[in-house]
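Visitor: If you scroll down you'll find the structure; I have some questions about it.
The values are calculated or read from the model by the stated rules, or taken from the named source; none is laboratory data. Keep in mind that what you see is a predicted model, and the values were worked out from it rather than measured. With ideal geometry, Cβ positions are generated from the backbone for all residues, glycine too; neighbour counts draw on all protein chains shown.
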Protein chains: 2
Amino acid sequence: MRETLSEQGLDLLFRSARSQNGWLDRPVGDDTLRAVYDLVRWGPTSTNGCPARIVFLRSAEAKERLLPALAPGNVEKTLGAPVTAIVGYDADFHEQLPRLFPHNPGMRDWYATQPQATEIAALRNGSLQGGYFILAARALGLDCGPMSGFDHEMVDREFFGADGSFPGQRVRTNFLCNLGYGDLGKLFPRSPRLSFEESCTLL
Amino acid sequence: MRETLSEQGLDLLFRSARSQNGWLDRPVGDDTLRAVYDLVRWGPTSTNGCPARIVFLRSAEAKERLLPALAPGNVEKTLGAPVTAIVGYDADFHEQLPRLFPHNPGMRDWYATQPQATEIAALRNGSLQGGYFILAARALGLDCGPMSGFDHEMVDREFFGADGSFPGQRVRTNFLCNLGYGDLGKLFPRSPRLSFEESCTLL
């Protein structure tokens, strides 16, 4: 018999988990953030490119730098979250391939000659890792509040400039994700989802 | 005490799971494919847009239609897999928002006036759902073999044209993913990953 996740585990990751809008006053330790990444890192990416880059904003000072870029509706919940993650990706991820994909040294050069495909691959695989990130956080008992309502260029300039995080890399912001322990009283009703027949075809 | 996934569950989804290149002769039932989607559907997407669209290729005839688009190195493992999923996204996902995001009827029109942002949102959120898909399949005991080595336009034409799957939608192929039960004898050695310090910053 093949091993599968328990019903409780499926609930924790998928069926009962909700995007949170309010947060309990309970901190998230750095050890937990490290443990989340230690799961995320193993998820598959094309040519093992691992383009995701994450900045964890924990202090009030760090959050303050993010606020001007946020859509108004995202300010309060971001201020209330113990941690806000900026999930980005390195658009020049292929520069790491000689180390990450050592059995095929030609891949770095292939990407270098295909800038448009490389840009899309960075977004695709950085977002796949974003999906791993959300589920890894939930697996470790955290709640997530992913957000797309913000000015991407402002966040890029503020956090990924020459004197920011990951200097020498061309990191772009993908999405934001509040992390903590959700205040269930602030949940909205769950929105409907597409049925199998609407989203999938069997051939 | 907050609920977390068991160590066994973390291994199943992240730490021990490997992208497979060879497959055991063991079928994957339609009920399992439906169960995978029934998990994927609950994962969060921006404005609940749910852009992912999936075609499951089960028959030899369906696989045959995919083969001309594959990079040579992906042919044999695709032929050997019980199921190959074409994971795509609807670039006009916002047309579904009046139903999926009913509390904010203006969002459909916002996307309609921002074609570039909408294109990126479709790829971002379709890829997040791709991450949920890979981990949901693993949660149900399946192995995955995700692939990016193929001609996207050829697959789009063959499967998402006017007489293909999801007529009336503008579906684009994102990545392919073989599904089944892996032949561990055909695994490659695992490639290295970036450390926490290389991928993450704490502010």
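Visitor: If you take the residues in the stretch B:87-120 that are surrounded by fewer than 20 Cβ atoms within 10 Å (Cβ to Cβ) and among the hydroxyl-bearing types (Ser, Thr, Tyr), which one is farthest from the other protein chains (Cβ to nearest Cβ)?
Guide: Selected residue: B:THR113.
Visitor: One residue is enough: does the stretch A:4-11 have a residue meeting the conditions surrounded by fewer than 22 Cβ atoms within 10 Å (Cβ to Cβ), more than 8 Å from every other protein chain (Cβ to nearest Cβ) and hydrophobic (A, V, I, L, M, F, W, C)?
Guide: No, the conditions are met nowhere in the stretch A:4-11.
Visitor: Residues of the stretch B:45-74 being within 10 Å of another protein chain (Cβ to nearest Cβ), in contact with a helix residue (DSSP H, G or I) (Cβ under 7 Å, 6 or more places away or on another chain) and not in a helix (DSSP H, G or I), which ones?
Guide: Those that are within 10 Å of another protein chain (Cβ to nearest Cβ), in contact with a helix residue (DSSP H, G or I) (Cβ under 7 Å, 6 or more places away or on another chain) and not in a helix (DSSP H, G or I): B:THR45, B:GLY49, B:CYS50, B:PRO51, B:ALA52, B:ARG53, B:ILE54, B:VAL55, B:PHE56, B:LEU57.
Visitor: Let me ask you something else. Taking the criterion of being within 11 Å of chain B (Cβ to nearest Cβ), touching a Leu at 6+ places or on another chain (Cβ under 6 Å) and either among the aromatic types (Phe, Trp, Tyr) or buried (at least 19 other Cβ atoms within 10 Å of the Cβ) (or both), would at least one residue in the stretch A:175-189 satisfy it?
Guide: Yes, some residue in the stretch A:175-189 is within 11 Å of chain B (Cβ to nearest Cβ), touching a Leu at 6+ places or on another chain (Cβ under 6 Å) and either among the aromatic types (Phe, Trp, Tyr) or buried (at least 19 other Cβ atoms within 10 Å of the Cβ) (or both).
Visitor: Can you tell me which condition B:THR84 does not meet? The list is (1) over 18 Å from the mean Cα position of the chain (by Cα); (2) more than 7 Å from chain A (Cβ to nearest Cβ), and all the others hold.
Guide: Condition (1) is where B:THR84 drops out.
Visitor: Could I ask something else about it? Considering A:LEU203, A:LEU184, which residue is in contact with a Ser or Thr (Cβ under 7 Å, 6 or more places away or on another chain) and of a type in the set (A, V, I, L, M)?
Guide: On inspection, the qualifying residue turns out to be A:LEU203.
Visitor: Of the numbered conditions (1) more than 10 Å from chain B (Cβ to nearest Cβ); (2) surrounded by fewer than 19 Cβ atoms within 10 Å (Cβ to Cβ); (3) touching a Phe, Trp or Tyr at 6+ places or on another chain (Cβ under 8 Å), A:ASN21 satisfies every one except a single condition; which is it?
Guide: (2)
Visitor: Which ones in the stretch A:82-103 are closer than 16 Å to A:GLY168 by Cβ and not basic (Lys, Arg)?
Guide: Passing the criteria: A:GLY88, A:TYR89, A:ASP90, A:ALA91, A:ASP92, A:PHE93, A:HIS94, A:GLU95, A:GLN96, A:LEU97, A:PRO98.
Visitor: Provide a single number: the residues in the stretch A:22-44 that are part of a loop (DSSP other than H, G, I, E, B) and under 15 Å from B:THR4 (Cβ atoms).
Guide: Final tally of qualifying residues: 3.
Visitor: Shifting gears a bit: Would you call B:ARG53 touching a strand residue (DSSP E or B) at 6+ places or on another chain (Cβ under 6 Å) and over 20 Å from B:TYR132 (Cβ atoms)?
Guide: Against the criterion (touching a strand residue (DSSP E or B) at 6+ places or on another chain (Cβ under 6 Å) and over 20 Å from B:TYR132 (Cβ atoms)), B:ARG53 does not qualify.
Visitor: While we're here: Kindly provide the set of residues from the stretch A:190-202 that are assigned to a loop (DSSP other than H, G, I, E, B) and either free of Cβ contacts under 8 Å to residues at least 60 places away in the same chain or surrounded by 18 or more Cβ atoms within 10 Å (Cβ to Cβ) (or both), ordered by number.
Guide: The answer is A:SER191, A:PRO192, A:ARG193, A:LEU194, A:SER195.
Visitor: Condition first: in contact (Cβ under 8 Å) with a residue 40 or more places away in the chain and in a loop (DSSP other than H, G, I, E, B). Now tell me which residues in the stretch B:149-189 satisfy that.
Guide: Listed by number, the residues that qualify are B:GLY149, B:ASP151, B:SER165, B:PHE166, B:GLN169, B:ARG170, B:TYR181, B:ASP183, B:LEU187, B:PHE188.
Visitor: Here's a follow-up. Which pairs do you get when a residue that is facing chain A (nearest Cβ under 7 Å) and surrounded by fewer than 24 Cβ atoms within 10 Å (Cβ to Cβ), found in the stretch B:121-141, comes within reach of a residue that is modelled with pLDDT under 95 and not in a helix (DSSP H, G or I), reach meaning Cβ atoms under 7 angstrom, with the pair 6+ apart or on two chains?
Guide: Sorted first by the residue in the stretch B:121-141, then by its partner, the pairs are B:GLY141/A:ARG2; B:GLY141/A:GLU3.
Visitor: Exactly one of (1) without any contact (Cβ under 8 Å) to a residue 60 or more places away in the chain; (2) at the interface with chain A (Cβ under 8 Å from one of its Cβ atoms); (3) touching a Phe, Trp or Tyr at 6+ places or on another chain (Cβ under 9 Å) is unmet by B:SER16. Its number?
Guide: (2)
Visitor: I need a count of the residues in the stretch B:160-174 that are of a type in the set (Ser, Thr, Tyr) and within 10 Å of another protein chain (Cβ to nearest Cβ).
Guide: Adding up the residues that qualify gives 1.
Visitor: In addition: If you take the residues in the stretch A:1-21 that are more than 19 Å from the chain's Cα centre (by Cα) and in a loop (DSSP other than H, G, I, E, B), which one is nearest to B:ARG2 (Cα to Cα)?
Guide: In this case the residue turns out to be A:SER16.
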